[in-house]
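Data first, discussion second: the structure below is written as structure tokens.
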Amino acid sequence: MPDTVPRPPPLELSADGWKRFEFDWKNYLVAAELTKKPSAVKVAILLSVCGPEAQDRFKSFTWNEDNDACDIDKVMKKFEECTPVENTTVERFKFNSRQQKPGEPIKEYLAELRRLAVTCKFENISSDDIVNQLIWDKIVVGLPDATLRTRLLEEGSEITLNKAIQMIACSEQVRLQCTVLDSKDSTYPVAGVPAVKRSDFEKKKKYKRSDEGNCLYCGGMKHAKLVCPAKNRRCHKCKKLGHYGKVCRSKFSESSKEVKQKISSTRVLAINGIDRKSAVTCMYKIRGTEINFLVDC
């Protein structure tokens, strides 16, 4: 008979895994008619079916008495203690978040809810705490802040409703302050933008306005370039064809200037008065063009 009874699956060292294994183990003892076997034999059978992970954990157990390792009840208690404690808040979160799937029969959905309800420990809630507990579950499920929800779930049953409300309120205040600071930062002027001199801007603006409606090559009224009188004329400033010197935009260097100064050979020893008819002038030749300049004495 014992050989025909299937053995329970290996023990998974988790809260759910331990509960499943404990249930399967008790049924196996009854079905295989092993309930009356000595305790040491039951421990040996347990170790043969629990799997390598549980066997390694058994080797790490410490005992008050040497014979405790052969006591099936104490061995089962040790395995129960080394498995993670169920987080009631997480289990209730799973229960409240479970929705009926599309096409899922109502009986299957109800069975799943009953299975989830087992780990929620609703039976341990007193009538005085039922309202607070339902509010607490609703807050956790509907919390929009996923990071804060994770923190609350990590706290588990250690956290109270009042403490949770304080944490949520504090998080809301911090988020509000960050929003205010971000809005202020967005109104700050951009730093590092080089300033534009007003005089340079006005010069460019004035120059641009003077060109509006005029030909860029001869300075006259706007017309087609093909009929411009300056089309084949050479500029006396830059020596290029196609425009007059008065509209030339080229900048020529000081080294390109040809300056020829004509100075009178008359020696002036004294000036007793200045007459407009005897004004002092000098002639300069710039780019092939002679220009007469009046000297301000």
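The values are calculated or read from the model by the stated rules, or taken from the named source; none is laboratory data. Worth saying up front: this structure is predicted, and the values here are computed from it rather than measured. So basically every Cβ, Gly included, is an ideal-geometry build from the backbone, and we count neighbours across all protein chains shown.
When each of ASP56, ASP73 is tested for being loosely packed, with under 13 Cβ neighbours inside 10 Å, in the same structural domain as LEU13 (by TED's automatic domain parsing) and out of contact with any helix residue (DSSP H, G or I) (no Cβ under 9 Å at 6 or more places or on another chain), the lone residue that passes is ASP56. The single condition among (1) part of a helix (DSSP H, G or I); (2) surrounded by 12 or more Cβ atoms within 10 Å (Cβ to Cβ) that THR147 does not satisfy is (2).
The residues listed here are CYS120, CYS170; of these, the one that is in contact with a Lys or Arg (Cβ under 6 Å, 6 or more places away or on another chain) and either modelled with pLDDT of 75 or more or in a helix (DSSP H, G or I) (or both) is CYS120. Within region 126-144, the residues that satisfy the criterion of being surrounded by 15 or more Cβ atoms within 10 Å (Cβ to Cβ) and either within 24 Å of ALA15 (Cα to Cα) or at pLDDT 80 or above (or both) are GLN133, TRP136, ASP137, VAL140.
Among the residues of region 1-26, those identified as in a helix (DSSP H, G or I) and closer than 22 Å to LEU116 by Cβ are ALA15, ASP16, GLY17, TRP18, LYS19, ARG20, PHE21, GLU22, PHE23, ASP24.
Among the residues of region 145-165, those that are modelled with pLDDT of 75 or more and hydroxyl-bearing (Ser, Thr, Tyr) comprise THR147, THR150, THR160.
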